[in-house]
Amino acid sequence: MVASTWLFCLPVHAATPFGPYRFATPRATVKLQGSAYYRGIWQQAITAWNKTGAFTFKITTTNQVQAKNWSNTTTDLAISGQTQLFSRGSQIQSAITRINSGVFKFYKYSKASRVIVAEHELGHVIGLQHSTDPTSVMYYRNRYTGISAADVASVKQHYQLPLLQVATPLMVQLDDEPVTIICDLQAFEALADTSVIISN
């Protein structure tokens with residue numbers, strides 16, 4: 001009798017990067033603005049994140065997070081979403097996140113793709129950065145893949161750690177100038193967005 005061993009290799013996905021910024025706890029209140037259609041897009045994206053158990057958004061009329069849409073295909077044709085984080089040190093105090101309805105119409109995004117862009121922007125609100133993994137909702141050229149197990153694991157891991165203590169020289173730099181990350185539209189089907197971090 002010959003003994004044999006079978007090894008099955010499953011794909012390993014990279015951890016979704018997380019920046020130094022996060023809320024004190026894995027929850028935030030959100031005020032939805034805009035048309036009923038786009039409030040519905042945000043509601044679906046919020047539901048998707050809430051189902052993960054890693055972070056909870058609660059829709060209220062008072063807010064830490066403003067979720068809205070805008071339409072600009074003149075100067076912002078390469079930007080499908082934009083998020084601004086306002087922080088004290090590494091703790092996010094509030095955020096403004098927007099999705100560009102003009103880009104969605106121009107490039108004929110399906111409703112499902114619009115929800116995925118909103119999920120991506122909420123990922124920035126939580127503190128996630130762009131991923132190089134095409135299966136992550138945080139992959140910058142993605143509008144087809146929702147929240148992945150790697151995204152959820154990264155959020156859980158980050159919120160289990162204590163808040164990062166930002167050193168004084170860095171605080172001075174952050175207080176003087178916002179940190180800006182801009183992603184350009186690389187292809188017809190790419191997702192591009194802007195994240196701005198403003199520290200007080």
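Just so it is clear, none of the values below were taken in a lab; they were calculated from the coordinates. Keep in mind it's a predicted model, so treat the numbers as computed, not measured. Cβ: placed from backbone, ideal geometry, glycine included. Neighbour counts: every protein chain shown.
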* Asked: Cross-link partners among lysines for residue 51, C-alpha distance below 20 Å, same-chain residues fewer than 8 apart left out?
  -> 31, 111, 156
* Computed lengthening from residue 107 to residue 160, 0.36 nm per intervening residue step minus Cα-Cα distance -> 15.2 nm
* Arrange 152, 115 by Cβ neighbour counts within 10 Å, fewest through most, would you? => 152, 115
* Structure fact -> So, over other residues within a Cβ distance under 12 Å of residue 50, counting Lys, Arg +1 and Asp, Glu -1, the net charge is +2
* Per-q log10 I(q)/I(0), region 24-87, q = 0.17, 0.23 Å⁻¹ (Debye; single scatterer per alpha-carbon; no solvent) -> -0.68, -1.08
* Structure fact -> Extension length gain for residue 91 and residue 61 (0.36 nm per residue less Cα distance), in nm, is 8.6 nm
